[in-house]
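Chemist: So that we are looking at the same thing, I have put the structure below in structure tokens.
Every number in this text was worked out from the coordinates using simple rules, so none of it is lab data. Source: prediction; values computed, not measured. Reconstructed Cβ throughout: ideal geometry from the backbone, glycine too, with neighbour counts over all protein chains shown.
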Amino acid sequence: MKKDVRKAIIAGNWKMNKTRPEAKELLEAIKPLVANANGKVEVIACVPFTNLETAVAATEGSNVKVGAENVHFEKSGAYTGEISADMLVEVGVEYVVIGHSERRQYFGETDETVNKRTKAALAAGLKPIVCVGELLWERECSITEEVIARQIKLDLFDVAAEDVKKTVIAYEPVWAIGTGKTATADQAEEVCAFIRNTLAKLYDEQTAQAVTIQYGGSMNATNCAELLSKENVDGGLIGGASLKANDFNTIVQAAVNL
Ligand code: PGA
């Protein structure tokens with residue numbers, strides 16, 4: 001199987017940006033620009049919790065899907081400040097970012113909690129976007145593959161093949177996030193191909209070929225076409241450039257035109 005059997009997915013990760021009126025304005029600007037991607041490229045806006053309801057309403061009837069940026073693994077209970085998968089589903093959310101490096105770095109996220117969140121999301125019918133990636137120090141020590149293999153094995157522990165096919169993997173080298181330093185297209189391809197090989201060993205070739213693997217980390221309107229042209233790069237998780245409608249659209253169009 002080849003790249004064209006997989007769904008290309010361009011997802012914006014808004015992080016901690018935009019009030020509700022600002023979110024509505026940005027989505028209203030994005031919607032008409034990306035309408036032609038319908039059926040070709042999945043377009044997602046992952047927004048802060050407070051914007052979810054606004055985003056679901058603003059994108060209704062369009063081809064833009066809504067994602068959250070985190071989810072808790074318990075169904076309900078005494079977890080002050082947390083949001084469950086069922087709560088997200090009830091609002092109309094379809095995707096959720098799990099294990100973003102900022103959550104691993106600043107909020108104590110571990111592979112164990114990423115695994116629990118991934119399983120909780122899948123059980124509720126959400127599609128997880130599971131983020132993996134090495135630190136600069138780990139790359140310099142030439143252990144990128146070990147780090148990525150470990151994250152994939154732990155983050156997807158006990159996730160069935162059918163569920164892995166609904167899961168998106170985002171390869172985001174930590175040194176490239178928000179730094180303006182993009183991995184070269186060859187570096188991105190090398191690790192995305194390694195992720196697919198790891199999935200093939202853990203599951204089987206057919207399952208591995210079905211999984212959408214995104215690249216993320218300073219992807220922008222200028223470098224997107226080359227990154228997305230790579231065999232194992234099936235889309236992008238976009239931070240900074242997803243906050244500008246025209247830049248985000250340029251990335252979507254690069255995926256449409258592949
Ligand atoms: P960036 O963020 O595009 O701003 O580097 C990517 C991400 O964190 O998902």
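Chemist: Taking the Cα centre of the stretch 122-258 as the origin, how large is its charge dipole in debye, to the nearest 20, when only Lys and Arg (+1) and Asp and Glu (-1) carry charge on their Cβ atoms? Working shown, then result.
Modeler: Numbers: 11 positive and 19 negative charges, 74 e Å.
Result for the stretch 122-258 is approximately 360 debye, rounded to the nearest 20.
Chemist: Taking Cα pairs under 8 Å and at least six residues apart, what relative contact order does the stretch 111-183 come out at, in percent? If you can, show how the numbers build up before the last one.
Modeler: Details: 73 pairs, mean separation 31.2, N = 73.
Computed over the stretch 111-183, the figure is 43 percent.
Chemist: Further, regarding this structure: Can you give the extra length, in nm with one decimal, that the chain gains between ALA123 and ASN257 once fully stretched, where that is 0.36 nm per residue apart less the Cα-Cα distance?
Modeler: On the way: separation 134, 0.36 × 134 = 48.24 nm, distance 3.42 nm.
That pair, ALA123 and ASN257, stretches by 44.8 nm at full extension.
Chemist: At a 10 Å Cβ-Cβ cut-off, how would you order TYR106, TYR171, TYR215, TYR95, fewest neighbours first?
Modeler: On the way: TYR106 9, TYR171 29, TYR215 32, TYR95 22.
Neighbour counts put them in this order, fewest first: TYR106, TYR95, TYR171, TYR215.
Chemist: Percent relative contact order of the stretch 188-258, based on C-alpha pairs within less than 8 angstrom and at least six residues apart?
Modeler: Details: 87 pairs, mean separation 21.9, N = 71.
After rounding, I find 31 percent.
Chemist: Based only on other Cβ atoms within 10 Å, what is the fewest-to-most ordering of PHE73, PHE107? Write out the running numbers ahead of the final one.
Modeler: On the way: PHE73 20, PHE107 10.
If I rank by nearby Cβ atoms, fewest first, I get PHE107, PHE73.
Chemist: Please list, in chain and number order, the residues 5+ apart from SER84 or on another chain whose amide H is under 5 Å from its amide H, with Hs placed from the backbone.
Modeler: Excluding prolines and chain starts, which carry no amide H, the hits are HIS72.
Chemist: Separation between the SER142 and GLU53 pseudo-spin-labels, each 7 Å from Cα along Cα→Cβ, expressed in nm?
Modeler: 5.5 nm
Chemist: Still on this structure, I have one more. For GLU231 and SER62, compute 0.36 nm times the residue count separating them, minus their Cα-Cα distance, and round to one decimal in nm. Intermediate values should be presented prior to the final figure.
Modeler: On the way: separation 169, 0.36 × 169 = 60.84 nm, distance 2.86 nm.
Here the segment from GLU231 to SER62 would lengthen by 58.0 nm.
Chemist: For the stretch 1-156, what relative contact order do you get, as a whole percent, if you take Cα pairs closer than 8 Å and at least 6 residues apart? Intermediate values should be presented prior to the final figure.
Modeler: Working: 239 pairs, mean separation 27.7, N = 156.
With pairs under 8 Å counted, the relative contact order is 18 percent.
Chemist: Here is a further query. Just want the ordering: ILE10, ILE83, from fewest to most Cβ atoms lying within 10 Å of their own Cβ.
Modeler: On the way: ILE10 28, ILE83 18.
With the fewest neighbours first, ILE10, ILE83 line up as ILE83, ILE10.
Chemist: Something else: Need the full-extension length gain, THR80 to ASP204, defined as separation in residues times 0.36 nm minus the C-alpha distance. One decimal, nm. Intermediate results must be reported in sequence, preceding the final value.
Modeler: Values: separation 124, 0.36 × 124 = 44.64 nm, distance 3.98 nm.
Stretched fully, the THR80-ASP204 segment lengthens by 40.7 nm.
Chemist: Output the direction-averaged projected area (hull surface divided by four) of the convex hull of the alpha-carbon atoms of the chain, in nm². Let's see the in-between values first.
Modeler: On the way: hull surface 49.6 nm².
That works out to 12.4 nm², a quarter of the Cα hull's surface.
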